[in-house]
Amino acid sequence: MIIILLSYLQIYLFSVVPLKSQQLVQENKENKSKCSCLQSKIRFDDSSIEKIVLHPEDVLAHPDAFWANDSAYQLVKLWHQRVSFPIPMEQWKGWVQSFKNQSAGERVNNTQLVAAKSMIKKEKEFSEKAIPYLCSFLPKDCPDISTTIYFTTAIMASGFQMGNSIIIYGANADKDNLLIHELYHQGFDKCKPRRIESSSKDSMIYQIYNDLQNEGMATYVGYKGLKEFPHCRTDMLKDDYELFENQEEFNALLNKMNRLFEKALTLGEKELKDTLWQVGSTDRAYYVVGCYMSRTIDEKLGRDTLIGTILTGPQSFLRTYNSLVDEKLSVIDLFKQK
């Protein structure tokens with residue numbers, strides 16, 4: 001009798017385990033079908049870098065047409081307008097000429113083109129891994145963040161996000177951690193609140209802290225994802241993650257940023273914009289300080305609170321962080337001074 005009972009028990013257990021597994025799979029499918037973010041797709045496009053590396057003579061023969069018609073370079077042109085940086089056309093032609101000077105074999109084996117081709121092969125694998133990870137740092141009702149990532153070359157930026165597209169410089173085409181950083185901007189922009197300011201000063205203050213939160217959270221998402229997405233850009237003069245992990249470097253950047261914020265409202269528009277670019281982007285304060293702020297909120301109040309600050313805006317991000325730290329680690333609040 002005992003043997004018979006054991007047999008029935010084994011049959012029952014073997015039937016229940018697969019059933020539970022099937023239920024979990026079904027639940028995951030249902031959750032994914034309900035979540036627009038999880039249904040997002042990532043598409044890679046290497047047509048721009050192919051044209052420049054493999055057919056530079058055609059590009060140089062009609063440079064204005066290339067800038068006007070190439071999908072990636074249409075966005076590069078907009079990037080120059082956004083950051084108020086004139087297009088260095090003669091320098092750009094020199095960069096393209098360097099590809100023209102290469103033999104056919106050298107062009108095919110160009111390291112930037114090879115890196116882009118390598119990621120093209122991994123498109124499906126990368127998308128399946130990246131989308132759930134990114135969505136875990138975004139609001140549950142985040143809309144579709146489907147994106148086309150264009151690989152190109154002969155540009156001044158390592159990578160940037162604009163609209164539903166991302167541009168990546170060829171040497172960074174296989175740097176999956178950079179792709180995660182730029183892709184997160186896509187989700188952040190989709191979920192942040194609509195801006196309503198009553199004056200240009202309000203708009204300026206909002207933009208300062210929006211940039212701090214946006215770059216900081218994207219850096220934190222990249223940092224937390226280093227195990228799954230370990231390949232970081234190698235063209236950086238300063239490594240954001242090394243600066244973030246070094247308390248002295250962080251303190252120096254925080255103090256530099258706060259000194260700028262102290263006088264921000266007294267500076268002219270151009271001087272302020274140039275100084276913010278220097279301190280926030282070139283010196284990496286927005287990335288490193290914003291990352292520290294994100295980690296502090298995440299560790300002390302939880303992931304949901306951190307994600308919630310995207311929906312409530314940069315003032316919420318700033319004040320939530322400041323409420324958790326001593327005054328010496330706080331970030332100056334310009335919203336109080338307007």
Relative contact order (%) - criterion: Cα under 8 Å, at least six apart; region: the chain: 17 percent
Number of Lys pairs in region 257-338 closer than 20 Å at Cα, excluding neighbours under 8 places apart unless interchain, is 8
So for region 200-336, using the alpha carbon gyration tensor with a ≥ b ≥ c as root eigenvalues (a/c under 1.5 gives rounded; past that, a/b versus b/c decides prolate or oblate), I'd call it oblate
In nm, give the distance between the simple-model label positions of Asp141 and Leu54, each being 7 Å from the Cα along the Cα-to-Cβ direction. 4.6 nm
Step through the table entries Lys121/Lys227; Lys34/Lys140; Lys121/Lys190; Lys51/Lys77; Lys77/Lys175, compare each Cα-Cα distance with 19 Å, and write down the pairs that go over it. Lys121/Lys227; Lys121/Lys190; Lys77/Lys175
Which shape class, rounded, prolate or oblate, goes with region 219-296 when its Cα gyration tensor gives a ≥ b ≥ c as root eigenvalues, a/c under 1.5 marks rounded, and past that a/b bigger than b/c marks prolate? prolate
For Arg82 and Tyr133, compute 0.36 nm times the residue count separating them, minus their Cα-Cα distance, and round to one decimal in nm. 15.5 nm
Where no second cysteine Cβ lies under 4.7 Å, the cysteines concerned in the chain: Cys35, Cys191, Cys232, Cys291
When the label point is put 7 Å from the Cα of Phe335 along its Cα-to-beta-carbon vector, which residues of region 298-313 have a backbone N closer than 13 Å? 309-313
Pseudo-spin-label distance Met89 to Ser323, built 7 Å along Cα→Cβ, given in nm, is 5.3 nm
What is the antiparallel percent of DSSP beta bridges lying wholly in the chain, to the nearest 5? 30 percent
Inter-label distance for Gln97 and Glu249, nm, one decimal - labels placed 7 Å from Cα along Cα-to-Cβ: 3.7 nm
Under the rule a/c < 1.5 gives rounded, and otherwise a/b versus b/c splits prolate from oblate, where does the chain land using the Cα gyration tensor? oblate
Restricted to region 38-191, the DSSP antiparallel beta bridge percent, nearest 5, is 30 percent
If each residue of separation counts as 0.36 nm, what is the full-extension length gain between Ser200 and Gln74 once their alpha-carbon separation is subtracted? 42.5 nm
When the chain is treated as a Gaussian network with springs between alpha carbons less than 10 Å apart, the largest mean-square fluctuation among Lys124, Lys192, Lys227 is found at Lys227
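Any read-out appearing in this document is the output of simple, stated calculations on the displayed coordinates, not a laboratory observation. Everything numeric in this text was worked out from a predicted model, so none of it was measured. As a convention, Cβ positions derive from the backbone with ideal geometry for all residues, glycine included, and neighbour counts pool all protein chains shown.
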